[in-house]
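Rule-based calculations on the coordinates, nothing more; no lab input. The structure presented is a predicted model; accordingly, all values stated were derived computationally and were not measured. Cβ placement follows ideal geometry from the backbone for every residue including glycine, while neighbour counts extend to all protein chains displayed.
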Amino acid sequence: AQSVSQHNHHVILSEAASLELGCNYSYGGTVNLFWYVQYPGQHLQLLLKYFSGDPLVKGIKGFEAEFIKSKFSFNLRKPSVQWSDTAEYFCAVNAYGSSNTGKLIFGQGTTLQVKP
Amino acid sequence: DAGVIQSPRHEVTEMGQEVTLRCKPISGHDYLFWYRQTMMRGLELLIYFNNNVPIDDSGMPEDRFSAKMPNASFSTLKIQPSEPRDSAVYFCASTLSSGGNSPLHFGNGTRLTVT
């Protein structure tokens, strides 16, 4: 079965610090990868996605993520965080072409707290 | 586009009562998902539908939970009888079928509290 692991459960940073959130998945086939963000009291919103092509994908609000197939990883990065980035971040994987195509599996989430 | 619409936003009920959560997906989307979010377990997939047909309900906790999708524009998640451990935020999401390439669009969730 597919699974997603996010290594950092709670991250605290000061404004302007750089961010990297780890995400690893387990599935041997082709995957589609996503990062979602959930701001306090809100629903999940798509931050960025990877389907194919350039493994470095750029999303909204200055976020980017790099797909490293050999490491089964899809880490999220941002060079300089802002207080408004305080939120919970979820990595998600869809096993493309499997019998469960369309089924999105989420990691446990990482809570990011940015101190002004 | 109104997005995915869930109701109610908040539900407080007593243990043993029946609870029904409702979801209207985005028009034209043919996949619908029910997720449960708790502090302890994060975001768990309960069940999902494709073209109104349940595809995978392996995440449904137990027989007290049931979900239906009578038509393309409406789905319900029912808990009967409810228990305090069911307290969570329940999200509905929908997407277009395209081999899994489409991102999910989430509703605002229903915050359920069972006392």
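Remarks
- Each listed q (0.10, 0.11, 0.20, 0.21 Å⁻¹) maps to a log10 I(q)/I(0) for chain A from the Debye sum over equal C-alpha point scatterers, namely -0.27, -0.33, -1.05, -1.15.
- Shielding by partners for peptide B:48-59, expressed as the average number of C-beta atoms from other protein chains within 10 Å of each residue's C-beta, is 2.
- Restriction of the trypsin sites (Lys or Arg not before Pro) in segment B:19-55 to DSSP coil positions whose beta-carbon has at most 13 other beta-carbons within 10 angstrom yields B:Arg41.
- Working from label points 7 Å from Cα in the Cα-to-Cβ sense, the B:Thr38 to B:Glu18 distance is 2.4 nm.
- Sequence-distant lysines (8 or more away, or on other chains) whose Cα lies within less than 29 Å of B:Lys68: A:Lys103, B:Lys24, B:Lys78
- Relative contact order of chain B, taken over Cα pairs closer than 8 Å and 6 or more residues apart, is 37 percent.
- Counting only the Cα atoms, chain B fills a convex hull of 96 Å³ per residue.
- For A:40-51, mean number of other protein chain Cβ atoms within 10 Å: 4
- Point-to-point label distance, A:Lys71-B:Lys78, nm (Cα→Cβ direction, 7 Å offset): 4.9
- 3J(HN,Hα) along segment A:19-30: 10, 9, 10, x, 8, 10, 10, 10, 5, x, x, 6 Hz, from the Karplus curve 6.51 cos²θ - 1.76 cosθ + 1.60 with θ = phi - 60°, whole Hz, x for Gly and Pro.
- When Rg and Dmax are taken over the Cα atoms of the protein assembly as shown, they come to 17.6, 52 Å.
- Under 18 Å from A:Lys69, Cα to Cα: lysines that are on another chain or at least 8 residues apart: A:Lys49, A:Lys58
- Relative contact order for chain A, counting Cα pairs under 8 Å that sit 6 or more residues apart, in percent: 37
- Between A:Phe67 and A:Leu56, A:Val57, the built amide H atoms are under 5 Å apart, and every one of these is 5 or more places off in sequence or on another chain.
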